[in-house]
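Heads up, the thing below is written out as structure tokens.
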Amino acid sequence: MRPGAFPSRSRSARLTSQLGLALGATFAVCFLTGLLSHVIQHPPTWFRWPSRPVTLYPFTQGVHVATGLATVPLLGVKLWSVYPRLFTWPPFRSVTHAAERASVAVLVAAALFQVVSGILNVSRWYAPMPFYFPAGHYWVAWLVVGAMLVHIGVQLPAVRAALARTTTEADQDRLSRRNLLGTAGAAAALITLTTVGQTFRPLSGLAVLAPRLPDVGPQGVPVNTTAAGAAVVSLVTDPSYQLEVAGPGRRVSLDLAALNALPQHTAELPIACVEGWSASGLWTGIRLRDLVALVGADPERATVLVESLQAGGRYRATTVAPEHTRDPLTLVALRLGGEPLHLDHGYPARLIAPNRPGVLQTKWIGRITLLESR
Amino acid sequence: MRARGALVVAGILIMGYAAAGALTDPDLAPAGVLLFLAGVLIGHDIIVMPAVLAVGAVIARYVPSRRRPAVIAATVSAAALIFVALPLVLGFGRPADNPSALPSPYGRNLAVVLLVIAAGAAVPPLRRATGRKSFERPGDEAR
């Protein structure tokens, strides 16, 4: 590259370092909240997830998506600030230099992968992604973290020098750098302002670019999988519908009249999607712990398998650990906002538990099985 | 130096964990992940960034230097918002049977937000941005 090919005076090691620190923070937040969501959905044997506070998962997952979206301008400006280095000549000075450049390529590709696939996922556009999104987004997250640690290890002296207070900087360059940092921050704020209302209710009026609105959907609550999409319409509207509850010693079958005759409880609980939106609803139904007691098991210690009438699909069944089974807020809901559940909300009966991802709130329940006691 | 070495080694081990995990995950087609990794990298380096530089060159050529910071800020903000909102505007992810997914008129909304950004950039710059005095903090001379 000839000198002056990249004429901007705004590029500097200081700008790059400051943006690098910001990106380190946003990627750390996304990684930790994403890892949490992953282990809640695929719990290792040592992992216990509490049922309270009710809004913890809506918060952590809302932060995950909002932070990921706000990363876009930071990553964009950071990559712009180092773009001339792509044309370093000679491209490789040594084996170490080649390895270091390869690790930067991995970091840039993996960081772009996470941001782009995340945006495609929240906008539910899966066609451009030739892989199963949750698995790809999960493993590439580890790739980002690894490549970032290598990058920090390599660049630490350069970052320290660039951020040292003694660094001299011409007034005009400082102004230009600060303008650009402010610009990246303002762009991130603008993205947050126009999207975060999908989970942060006070800003829902500004959520003009949010993939979801917390009060738009059947009975005022958004839906992810519809009854038609899950191919359960004829099964759940069949008058002979029965919910089967199977314990170690007893087994009961409850039709709609029997379910409605059991003690009903009402709870205000959010549906919190992994896609970062959440919406509160007033759910009425039977406490899961009451159903467990009905078949003679101890609700304080019971692990329960809740199965949908869906024939297939990744989320047709979910395991409810004792922490959630025993919680009086965990309901097999029959009503939303005082009316029988809409078909798309899981009519005739769905699971709704506090502090749990939406994909684990099984809809169109057909069977509840007691697995074990802990 | 020891800390740097530890960071590099830990990073390489974690990257190895990622690769091993991706290769052994039955839900994942590693070829698809590699294709997408390469796609976003190449797409960024040879399409997006040259386009950004071209826009920057146009701004540097035609916008007076006094107005440049505001115009750059507006352009960067607009580009970031378009990047985030484009899949919503295109609407390929909108399911026919689920009106609660992607419920808003995103094309119109994005246009409104871009107009607001443009209007913000059109506001004349504050006087202090042109005067050098304001950047000197009290006591600067003493140091």
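Radius of gyration (Cα atoms) of the stretch A:74-134, expressed as a multiple of 2.2 N^0.38 Å: 1.44.
Helix B:2-24 and the longest principal axis of the C-alpha atoms of chain B enclose an angle of approximately 50°.
Please report the antiparallel percentage of DSSP beta bridges with both residues in the protein assembly as shown, rounded to the nearest 5. Rounded to the nearest five, the antiparallel share is 90 percent.
Out of B:L23, B:P103, B:L53, whose Cα points farthest toward the positive end of the dipole of chain B (charges: +1 Lys, Arg; -1 Asp, Glu; placed on Cβ)? The one lying farthest along the dipole's positive direction is B:L53. For A:A317, the residues 5 or more places off, or on other chains, whose built amide H falls under 5 Å of its own are A:S308. Relative contact order of the stretch A:13-206: 33 percent, from C-alpha pairs under 8 Å at least 6 residues apart in sequence. Between the amide H of A:L371 and those of A:T303, A:V304, A:L305, distances stay under 5 Å, these residues lying 5 or more places away or on another chain, with hydrogens modeled in the peptide plane. Multiplying the residue separation of B:R61 and B:R2 by 0.36 nm and subtracting their alpha-carbon distance yields 16.4 nm. Per residue, the convex hull spanned by the Cα atoms of the stretch A:157-285 measures out at 248 cubic angstrom. Ranked from largest, the principal axis spans of the Cα set of the protein assembly as shown equal 82, 51, 47 Å. Here the 3J(HN,Hα) profile of the stretch A:288-298, calculated from phi with Karplus coefficients 6.51, -1.76 and 1.60 at θ = phi - 60°, is 4, 5, 5, 5, 5, 5, 4, 9, x, 9, 8 Hz, Gly and Pro shown as x. The mean sequence distance of close C-alpha pairs (under 8 Å, at least 6 residues apart), as a share of the length of the stretch A:218-373, puts its relative contact order at 29 percent. Under a Gaussian network description of chain B, with springs only between Cα atoms under 10 Å, the residue in B:S100, B:S65, B:S77 that fluctuates furthest is B:S100. List the relative contact order of the stretch B:41-127 as a percent without decimals, with contacts defined as Cα pairs under 8 Å and 6+ residues apart. Averaging sequence separation for qualifying contacts and normalising by length gives 32 percent for the stretch B:41-127. Binning all Cα-Cα separations of the stretch A:218-373 at 5 Å, short to long from zero, yields these whole-percent fractions: 2, 10, 21, 25, 23, 14, 5, 1, 0. Take the Cα of A:D215, step 7 Å along the line toward its Cβ, and report every residue of the stretch A:251-272 whose backbone nitrogen sits under 18 Å from that point. From the stretch A:251-272, the list is A:268-271.
The angle between the Cα long axis of helix B:106-122 and the longest principal axis of the Cα atoms of chain B comes to about 30 degrees, rounded to the nearest 10. Residues whose amide H lies under 5 Å from that of A:L269, counting only those 5 or more places away or on a different chain, are A:G281, A:W283; hydrogens are built 1.01 Å from N in the peptide plane. In the elastic network of chain A, a GNM with C-alpha springs shorter than 10 Å, the most mobile of A:G249, A:G217, A:G337 is A:G249. Extension gain for the segment A:S253 to A:T96, taken as residue separation times 0.36 nm less the Cα-Cα distance, is 49.7 nm to one decimal.
Backbone geometry of the stretch A:357-368 corresponds, through the Karplus equation with coefficients 6.51, -1.76 and 1.60 at θ = phi - 60°, to 3J(HN,Hα) couplings of x, x, 5, 9, 9, 4, 9, 6, 5, x, 8, 10 Hz, x marking Gly and Pro. Taking every DSSP helix (H) stretch of at least 4 residues in chain A, weighting each as -39,500 (n - 2.57) and dividing the sum by the residue count yields a mean residue ellipticity at 222 nm of -14500 deg cm²/dmol.
State, to one decimal in nm, how far the label point of A:R174 lies from the label point of A:R367, with both points 7 Å from Cα in the Cβ direction. Calculated label separation equals 7.2 nm. Kirkwood-type hydrodynamic radius, the stretch A:13-206: 18.7 Å, calculated from all non-identical alpha-carbon pairs. Remark: chain A carries a charge dipole of roughly 1340 debye about the Cα centre, counting +1 on each Lys and Arg Cβ and -1 on each Asp and Glu Cβ. Straightening the chain between A:Q242 and A:N260 buys 5.3 nm, computed as 0.36 nm per residue apart minus the Cα-Cα spacing. Scaling the Cα radius of gyration of chain B by the globular reference 2.2 N^0.38 Å produces a ratio of 1.62.
Think of it as helices only: each DSSP H run of n ≥ 4 in chain B is worth -39500 (n - 2.57), and spread over all residues that comes to -21500 deg cm²/dmol at 222 nm. Among the trypsin sites (Lys or Arg not before Pro) in the stretch A:151-191, those located in a DSSP loop and surrounded by at most 11 other Cβ atoms within 10 Å of their own Cβ are A:R165. Listed by Cβ neighbour count within 10 Å, with the fewest neighbours leading, A:I368, B:I59 appear as B:I59, A:I368. Roughly how tilted is helix A:13-41, in degrees to the nearest 10 and between 0 and 90, from the longest Cα axis of chain A? The angle comes out at about 20 degrees.
Every number here is computed from the coordinates shown, using simple stated rules; none is lab data. Keep in mind the model is a prediction, meaning the values are calculated, not measured. Every residue, glycine as well, gets a Cβ built from its backbone with ideal geometry; the counts of neighbours run over all protein chains shown.
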